[in-house]
Amino acid sequence: MKLTRIRTSDGSVRVGIVESDGIHLLADLDDILPLLGHPTLSLAEAARAAGTTGEIVNPAEVQYLSPIATPPTIRDFYAFEQHVRAGRAWRGLDMDPEWYRIPVFYFSNPYAATGCGEIPIPPGCEQFDFELEVGAIIGGHGRDLTPDRAEDLIAGFCILNDWSARDLQKREMTLSMGPVKGKDTATGLGPWIVTPDELAAHKEGTGHRLAMRCEVNGKKYTEAVWSDVYWSFAEMIAYASRGTEVRPGDIIGSGTCGTGCINELSRTHSPEEYPFLSPGDIVTATIEGLGVLENRIVAGAPARPLRPGTI
């Protein structure tokens, strides 16, 4: 099943099931979160139990929103070796052996979850970037999980675009903190949640053999395959649950795929060939089986100095 959260042409926010003839609206729902975490029903079963209204809307006439309005948490990992290796190579570093021992992550801002539409450049940012990732949505409660048990908690998958202010991020991380303001203006999710059974035939190794692609103004930037990921979502979720809880609606990000951001491409090739994003740019993120997440970059608010001499 594909479940989506949309804004319809009349401005209302609804939840629906994506079918070949359109989006079938569910009754009395404006968020997918209430459908997650049922003790006996899967996400698809909970959606069917909620019931449709009989209304079918044209996908071309809606705006796709974040499937969950405000996820309880967003944990973003660093699981594609090609991206990690490239980032260390331009700094003259070998791969850290610890990366192969623990699937590291950071917490992002759940209030900034967004879908298709406009993305403002963060205040003070001059190097704005996308990061193409896969997102997994947790559908149950768990603590100190094994990978096998963790996999059972995956309710579905979606595209995740980790919008990044690179210059702000670099400044923060020289102070051994962050990423903080470099990451919390927007996290793109959507356009729908795809339940694992729809992707099962493509499962391979630690991921799924499904193509990942990102374009800027129609030019191909990113081309990767999900199954190239080093850490599986089951392993990432199990690690996230150590000594704490994962809960329904939590988002787990895979981290950037190889060639999945401008920061990597501009350093591997050249900044002239792969410039950072500017107002008016159209970023189109596509993952086979998970749909298309399209965004237009717009100017953001100015940075307001905290005191004289600060930024």
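The values are calculated or read from the model by the stated rules, or taken from the named source; none is laboratory data. If you're wondering where the values come from, they're calculated on a predicted model, not measured in any experiment. Here Cβ is always computed from backbone atoms with ideal geometry, including for glycine, and neighbour counts include all displayed protein chains. Note: accessible area is taken over every heavy atom of the protein model, side chains too, but ligands, DNA and RNA are not part of it. Shrake-Rupley method; radii C 1.70, N 1.55, O 1.52, S 1.80 Å.
The simple spin-label model puts a point 7 Å past each Cα toward its Cβ; for Ala301 and Ala27 those points are separated by 4.1 nm.
To put it simply, the accessible area of the chain at a 1.4 Å probe is 51 percent carbon and sulfur.
Relative contact order, whole percent, for the chain stands at 23, derived from Cα pairs under 8 Å and 6 or more residues apart. Farthest towards the positive end of the charge dipole of the range 53-115, among the residues Trp90, Phe107, Phe77, is the Cα of Trp90, using unit charges on the Cβ of Lys, Arg, Asp and Glu. Basic side chains Lys and Arg get +1 at the Cβ, acidic Asp and Glu get -1 at the Cβ, and with that the dipole of the chain about its Cα centre reaches some 840 debye. Per residue, the chain reaches -4000 deg cm²/dmol at 222 nm when only DSSP H runs of four or more residues are counted, each adding -39500 (n - 2.57).
In percent, rounded to a whole number, the relative contact order of the range 191-311 is 27, using alpha-carbon pairs under 8 Å and six or more apart.
Can you count the Lys pairs in the chain whose Cα atoms are under 24 Å apart, with each pair 8 or more apart or on different chains? For the chain, the number of qualifying lysine pairs is 4.
In debye to the nearest 20, how big a dipole does the range 11-156 give about its Cα centre with +1 on each Lys and Arg Cβ and -1 on each Asp and Glu Cβ?
340 debye
One chain, two ends: Asp197 and Arg242. Fully extended at 0.36 nm per residue, the span grows by 13.5 nm beyond their Cα-Cα distance. Distance between the 7 Å Cα→Cβ label points at Ile311 and Arg48: 5.3 nm. Distance between the 7 Å Cα→Cβ label points at Tyr106 and His269: 2.6 nm.
Subtracting the Cα-Cα distance of Glu19 and Lys219 from 0.36 nm times their residue separation leaves 69.0 nm of extension gain. If you average the C-alpha positions of the range 18-33 and of the range 181-254 separately, how far apart do those two centres end up, in angstrom? First find each Cα centre; the distance between them is then 22 Å.
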